[in-house]
1. State the extension gain, in nm to one decimal, for the chain segment bounded by Asn400 and Thr94, taking 0.36 nm per residue of separation less the distance between their alpha-carbons.
2. Would you work out the charge dipole size for segment 339-460 about its Cα centre, treating the Cβ of every Lys and Arg as +1 and the Cβ of every Asp and Glu as -1, and quote it to the nearest 20 debye?
3. Hey, rough spin-label estimate for Val335 and Ala197, points 7 angstrom out along Cα→Cβ, what's it come to in nanometres?
4. Distance in nm between label sites at Val318 and Arg469, each 7 Å beyond Cα in the beta-carbon direction?
5. Report, to the nearest whole %, how much of the accessible area of segment 54-141 belongs to carbon and sulfur atoms, 1.4 Å probe, protein only.
6. Using the heavy atoms of the protein chains and a 1.4 angstrom probe, tell me the accessible area per residue for segment 224-347 in square angstrom.
7. Within the accessible area of segment 317-430, what % is carbon and sulfur when the probe is 1.4 Å and the other protein chains stay in place?
8. Here is the link list: Lys212/Lys356; Lys59/Lys349; Lys59/Lys232; Lys59/Lys114; Lys212/Lys424; Lys212/Lys376. Which ones come out longer than 24 Å on Cα distance?
Amino acid sequence: MRADHRRGRGRRNAIMAVTALLAGGGGLVAVNYAANASDVTAAAPTTRSAQTISCPDVKGRLPAVPQQAQAEVGRNLRLLDRQTAEANQRLVDTRGQGGPNFVRNAVLGPLTDKRKATIDRIAIAIGRSAARPTGLDALAACNLGLDTSGTQEASGAASQNPGGSQGAGGNAGQPGQPGQQGNGSGAAGQSNDGPTAADFVDITKVAPNVRKVRRQAGASTGVFTSRCGVNKRGQHNSDNDIVAPGVSNGAHHVHDYVGNRRVDFKSTNQSLSAQGTSCTNGDQSAYYWPVLRDTTRQGPDANALGGGAEGNKGAILVPRAVTITYQGSPTSRVVAMPRFLRIITGDAKAFTNGTKNANAHWSCTGFENRVQLTDKYPICPRGSKVVRSFAFQSCWDGRNVDSADHRSHVAFAGADGNCARGFKAIPQLTMRLIYKTPAAPNFAVDGFQGQQHNAITDHNDFINVMTDRLMRQAVFCINSGRRCG
């Protein structure tokens, strides 16, 4: 991964609040992807200590940011990340120094003071053109994670976490507990940031749990397939052009890409439409997801932002197969997606946000029609491979290609398969990724620090860059009950 894709470059920022949507049909739920749109310019720790500083997410707690305040809010959100990176580096540089209160007084205390001043500037900037947000001061204090023995250092701020230290195999997914940390027994290479053996389950011992919506008269039963390969060219970066356009390392974890040949923090509708594609039908859409890693091996980004410097350790696993299909509605015909429609599905912070907005689906080949796991990784029997699958929101408001929260312009169908009033059925994008993984618990999905690399945090991103002509072909195929691609 090239360093200039991860270093600080001031660019436009889309700093918007994230709100939850209603649960959808077929066991799928909508997304609450609270990614930190940040542009870290300070050097991250190049050597990981046994502990790391974890700070509450400020961006995800903000109301919708007025356009007049977006630039200033963006600068200060990036400053918060620089402050944390610098404090983590100081934690590495001073390890073993001072008495029992050294970390609290020399690292966490000054960091809290800096964050409070920066958060105040964010509130003031918003307050100039909208209601000033309240309660943000509570987000200033940061916690110190657990050491490798699984005990918490008496660091003052760390002991003030009333949420306790539920490991990923414990009471994971409790909302309102941003201070959760691992239990010190993570998978190889992941240290105390999970996952643990308790995060894996033998799929042969899980009761069948798959339900399907029954098709009704008028259903659109066709399938349109885009064959886009498996990213053998290694197109990776830690950007997210949907949530954090213009922000280098806006995702804080590494993405795999297929389809559009160049997608990064600088992407625009114009640049996307000018790029080539790995898809055989000319589909220029951007399909991307957090990488899966073999935590028994060291990857080339072991010390890089988005990679090992932010807790995402291990060698990146290339999927053995990627299947991208568009399917119909069980109750009606579908209409065309607009070009440049953006959709995110899943919750990258579901471990601390709770399960409400999760949309992770893990299984094994040969078991997918019977068992889908949300908050556990599967242990597959001999001859079976790990499967990640995603079914995106299939209802559109008929007007917008995106929304301030990146959510409210799309939704899942209800339990009966119908879209809510005011929404139209569109082709439902479904993705299926197959992996040959090392033995459990030695693989993990990339994610944010503090999320324990828990299976429930899996998510997927999509920007529709099909030409109108190709989209019409897909819609005709689906509505006529054909299988095309």
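1. Stretched fully, the Asn400-Thr94 segment lengthens by 105.1 nm.
2. For segment 339-460, the charge dipole is close to 280 debye.
3. Calculated label separation equals 5.5 nm.
4. 3.2
5. 49
6. Value for segment 224-347: 30 Å² per residue.
7. Summing carbon and sulfur atoms, their accessible area is 48 percent of the total for segment 317-430.
8. Long pairs (Cα-Cα over 24 Å): Lys59/Lys232.
The values are calculated or read from the model by the stated rules, or taken from the named source; none is laboratory data. As the structure is a prediction and not an experimental result, all values here were calculated from the model. For neighbour counting, all protein chains shown are included, and Cβ atoms are generated from backbone atoms with ideal geometry for every residue, glycine included. Heavy atoms of the whole protein, side chains included, go into the accessibility calculation; ligands, DNA and RNA do not. Shrake-Rupley method; radii C 1.70, N 1.55, O 1.52, S 1.80 Å.
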